[in-house]
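Below is one structure, written out as structure tokens, with a few remarks after it.
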Amino acid sequence: MEKAQAQRDMMKTGSAELYLHGGKAPPWLFGRMVRLGSEVMAIIVDEYGRDEVLRRLSDPFFFQSLSNVLGFDWNSSGTTTVLCGVLQSIFKENELGMAVVGGKGNSARRFKEELDSTTERFSFSEKNADRLRYASKISAKVDSVMIQAGYPLYHHSLFITEDAKWAVVQQGMNKETHLARRYHWLSDDVKDFV
């Protein structure tokens with residue numbers, strides 16, 4: 001039953017191709033992005049609500065623009081990983097009724113623990129927790145296995161609101177073409193994953 005509900009509630013909203021670059025954002029820039037982003041997110045939540053934050057983050061153009069506005073003006077694969085990390089910090093530090101679990105590297109390896117902690121923090125029922133787990137898992141499968149476009153995933157972030165709505169932003173890389181592809185998903189009234 002939970003799987004059927006998750007399938008009805010899922011919509012892929014878009015993708016973006018970016019140049020694949022290595023490296024990290026400088027700590028001073030990351031800190032500035034968190035400070036400015038905290039204000040931007042607080043205003044969007046206050047004026048339009050958490051659902052609108054999810055809708056906007058699941059729009060590839062808004063996501064890219066937000067990263068640029070916050071100061072990460074490289075149009076590269078780092079946009080995804082850095083902005084998701086910034087938003088994860090923002091939602092941990094501020095009481096906005098949202099959370100981000102997952103990410104890249106060590107953050108990805110802590111996904112299960114972070115999701116369990118978030119479901120406890122927001123007092124989700126086991127049914128809602130299962131729906132989140134399933135949606136996360138199936139969105140990753142669709143973008144990595146079913147599409148088979150040559151972009152294996154290396155980054156997966158699940159954005160969650162306190163009422164168990166969610167968005168997924170994940171990214172795969174193609175080492176041959178030196179490109180990354182970012183995929184966006186949103187929990188909305190849709191009938192199927194594919």
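For SER117 and VAL40, FRET efficiency with R0 = 35 Å and r from the beta-carbon atoms, rounded to 0.05?
Numbers: r = 25 Å, r/R0 = 0.71.
Computed FRET efficiency for VAL40 and SER117: 0.90.
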5 Å is the cut-off here: which amide hydrogens, built 1.01 Å from N in the peptide plane, fall below it relative to THR13, excluding neighbours closer than 5 in sequence? HIS184, TRP185, LEU186
For a label point 7 Å from the Cα of LYS137 along Cα→C-beta, name the residues of region 99-126 whose backbone N is under 13 Å from it. 112
What is the spin-label model distance, in nm, from TYR19 to GLU52 if the labels are put 7 Å beyond Cα along the C-beta direction? 3.5
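Which entries in LYS24/LYS175; LYS92/LYS175; LYS24/LYS165 show an alpha-carbon gap greater than 27 Å? Kindly include the intermediate steps, with their values, before the conclusion.
Working: LYS24/LYS175 18 Å; LYS92/LYS175 33 Å; LYS24/LYS165 30 Å.
From the list (LYS24/LYS175; LYS92/LYS175; LYS24/LYS165), the Cα-Cα distance tops 27 Å for LYS92/LYS175; LYS24/LYS165.
Remind me, what semi-axes does region 102-164 give for its equivalent ellipsoid, largest first in whole Å, using sqrt of 5 times each Cα gyration tensor eigenvalue?
Details: eigenvalues 109, 37, 12 Å².
Semi-axes, largest first: 23, 14, 8 Å.
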Give me the one-decimal nm value for the distance between modelled label points at LEU29 and GLU93, 7 Å along each residue's Cα-to-Cβ direction. 1.8
Treating every alpha carbon of the chain as one equal point scatterer without solvent, the Debye formula yields log10 I(q)/I(0) values at q = 0.08, 0.13, 0.17 Å⁻¹ of -0.23, -0.64, -1.13
What list of ³J(HN,Hα) couplings, whole Hz, do you get for region 25-35 from phi and the Karplus terms 6.51, -1.76, 1.60, once you set θ to phi - 60° and write x for glycine and proline? 6, x, x, 5, 6, 4, x, 5, 4, 5, 4
Residues TYR154, TYR183, TYR19 arranged by fewest to most Cβ contacts within 10 Å: TYR19, TYR154, TYR183
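Quick one: order ILE43, ILE138, ILE90 by neighbouring beta-carbon count within 10 Å, fewest to most.
ILE43, ILE138, ILE90
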For HIS155, distant residues with modelled amide H under 5 Å away: GLN171
Work out from phi, with θ = phi - 60° and the Karplus expression 6.51 cos²θ - 1.76 cosθ + 1.60, the ³J(HN,Hα) of each residue of region 40-55, listed in order in whole Hz, and give x for Gly and Pro. 4, 5, 4, 5, 5, 4, 5, 7, 10, x, 5, 4, 5, 4, 4, 4
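Could you work out the relative contact order of the chain? I mean the mean sequence separation of Cα pairs under 8 Å and 6+ apart, divided by the number of residues, in percent. Please list the in-between numbers first.
Details: 320 pairs, mean separation 70.1, N = 194.
Across the chain, relative contact order equals 36 percent.
Between SER125 and VAL145, take the C-beta separation as r, use R0 = 35 Å, and let me know the FRET efficiency to the nearest 0.05.
On the way: r = 29 Å, r/R0 = 0.83.
The formula returns an efficiency of 0.75 here.
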Exposed-loop cut sites defined as trypsin sites (Lys or Arg not before Pro) in DSSP loop states with at most 14 other Cβ within 10 angstrom; longest site-free run of the chain spans 25-109
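Where a number appears in this text, it was derived from the coordinates with a stated rule and is not lab data. Given the structure is predicted, the values throughout are model-derived calculations rather than measurements. Neighbour counts run over all protein chains shown; Cβ positions are idealised from the backbone, glycine included.
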